[in-house]
Amino acid sequence: MRNSTLVICAFTIAASLALAGCGHKLVAHNGESTVAVYPDENTFTKLSDLKKQGGVVGGMIGGLGEGLATKQVDNNTPVRIINSDDKGSQIEVLDGAFKGLHGFVPSDNVH
């Protein structure tokens, strides 16, 4: 009887931990229906810096680079956060057309 109680408790704890890691979703802003998922944080930083440089050329290159380097994932897509810092999170997409995709999203695009 004691072994079955331990197995049930272990299963319950494992299930709780699995569910706790799955509660995050991508959040689009400003009327967008998708969220840009960057290959990594360095790509995000470089493209953001290009956009901040301003002017027509910097903005165009940053926007073009973002279009080529990112995957556009639907709003409210469930994700798992692998790790995060003050800029954003490394994520894995859990459902949808890009299921299994690993990438980086800014912190305001994950909740």
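Taking label positions 7 Å along the Cα-Cβ direction at both T5 and H111, the computed distance is 4.3 nm, reported to one decimal. Can you compute the FRET efficiency between K25 and K51 using 1/(1 + (r/R0)^6), with r the Cβ-Cβ distance and R0 = 25 Å? Round to the nearest 0.05. My answer for the efficiency is 0.50.
Sorting S84, S107, S33 on the 10 Å Cβ count, fewest up front, what's the list?
Details: S84 15, S107 12, S33 9.
In increasing order of surrounding Cβ atoms, one gets S33, S107, S84.
None of the figures in this text is laboratory data; all of them are computed from the coordinates on show. All values derive from a computational prediction rather than experimental measurement. All Cβ positions, even for glycine, are placed from backbone atoms using ideal geometry, and neighbour counts span all protein chains on display.
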